[in-house]
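Note sheet for the following structure.
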Amino acid sequence: MGAKIKRLFIIKTKWEAYAIIYALALGSVERGIIYLDQYPGFGGKLLFLACTGAVFMGGAKILDAVRAQV
């Protein structure tokens, strides 16, 4: 039973990786918009860029890991 649940959390294909990266990007943009509202000006823009930049780095790592499995 534990093995079946474990399989749900393993990314096997690039399509699954892209879906996860898309979900991460939606969440980071949402958080970035909140930062822009809370911190108007340059500070909010930097925090917005930090949120989206983290998705770029994480997405690259996820895609590299999927490529290494194949």
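How large, in percent, is the carbon and sulfur part of the accessible surface of the stretch 18-70 at a probe radius of 1.4 Å? Whole-percent figure for carbon plus sulfur exposure: 72. In degrees from 0 to 90, rounded to the nearest 10, what is the angle of the helix 42-69 Cα long axis to the longest principal axis of the chain? Around 10 degrees separate the two axes. Here the extension length gained between residue 26 and residue 7 equals 4.4 nm, from 0.36 nm per residue of separation less the Cα-Cα distance. What lysines could a cross-link reach from residue 6, if we take a straight Cα to Cα line under 19 Å and drop same-chain neighbours fewer than 8 places away? Output for residue 6: 14.
May I ask you to list the chymotrypsin sites (Phe, Trp or Tyr not before Pro) in the chain that are in a DSSP loop and have at most 15 other Cβ atoms within 10 Å of their Cβ? Answer by residue number: 9.
Once C-alpha pairs closer than 8 Å and six or more residues apart are averaged by separation and normalised to the residue number of the chain, the relative contact order reads 38 percent.
Report the rotationally averaged projected area of the chain based on its alpha-carbon convex hull, in square nanometres. Before the final figure, lay out each step's value.
Details: hull surface 22.2 nm².
With the hull built on Cα positions only, its mean projection is 5.5 nm².
For the stretch 15-32, backbone phi angles converted through the Karplus equation (6.51, -1.76, 1.60; θ = phi - 60°) give residue-by-residue couplings of 4, 5, 4, 5, 5, 5, 5, 4, 5, 4, 5, 4, x, 6, 5, 4, 5, x Hz, Gly and Pro being listed as x.
The values are calculated or read from the model by the stated rules, or taken from the named source; none is laboratory data. Keep in mind that this is a model prediction, so the values were computed, not measured. Please note: Cβ atoms are built from the backbone with ideal geometry, for glycine as well, and neighbour counts cover all protein chains shown. Heads up: the accessible areas ignore ligands, DNA and RNA and are worked out on the full protein's heavy atoms, side chains in. Shrake-Rupley method; radii C 1.70, N 1.55, O 1.52, S 1.80 Å.
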